[in-house]
Amino acid sequence: MEKTQELQLSKCPTGIQGLDEITDGGLPQGRPTLICGSAGCGKTLFGVEFLVRGATRYGEPGVLVTFEETASEITQNVASLGWNLNQLIAEGKILIDHVYINTPDSF
C-alpha cells in the first residue's frame, strides 16, 4: 500500500502582523484571493497594506485598481498610517489605477 503525501499549498506572506500566523504562512501563492465585505470593513486598507508590505519588505511591485476612490484619496487616507504611497509610486513599486464607471446612480 502506497503512502499518500499531504500536498502543501505554497504561500505568499502578506507582511501583515498576525495574518501570516493565522493563515499558516500567508495567502495562496499564484492564486487569486477574494476579499469581500460591506462598505467600511477594511477591504481597501487590507489591499493597500498587502501592497505596501510586499513592496517594502519583499521587493514585490503591486497594482491597485480602484473603482470608487481615486489614487489621491487613497494616498491621503493611508498617510496617517505612515505609508508614503507617493514615494512608492514614484519608485515604480506601486501603481494605483482608478477606473471610473458611469452608472445610472452616478448622475
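Every number in this text was worked out from the coordinates using simple rules, so none of it is lab data. Bear in mind the structure is a predicted one, so any value in this text is a computation, not a measurement. Don't worry about glycine lacking a Cβ; one is built from the backbone with ideal geometry, like all the others, and counts go over all protein chains shown.
A few notes on this one:
- FRET E, pair Ser80, Thr33, Förster distance 35 Å, beta-carbon r, rounded to 0.05: 0.85
- Using R0 = 30 Å, the C-beta based FRET efficiency linking Ile22 and Lys43 works out to 0.95.
- Approximating the spin labels as points 7 Å out from Cα along Cα→Cβ, the Ser10-to-Tyr58 distance works out to 1.2 nm.
- Derived from the Cα gyration tensor, the three semi-axes of the equivalent ellipsoid of the chain are 31, 18, 13 Å, largest first.
- Nearest-ten-degree value, helix 43-57 long axis tilted from longest Cα axis of the chain: 70
- Per-residue [θ]222 nm for the chain (sum of -39500 (n - 2.57) over DSSP H runs n ≥ 4, rounded to 500): -9000 deg cm²/dmol
- A Cβ-based charge dipole, computed about the Cα centre of region 27-95 with Lys and Arg at +1 and Asp and Glu at -1, lands at about 260 debye.
- When Rg and Dmax are taken over the Cα atoms of region 1-62, they come to 14.6, 53 Å.
- Positive contributions from Lys and Arg (+1) and negative ones from Asp and Glu (-1), summed over other residues with Cβ under 15 Å from the Cβ of Phe50, come out at +3.
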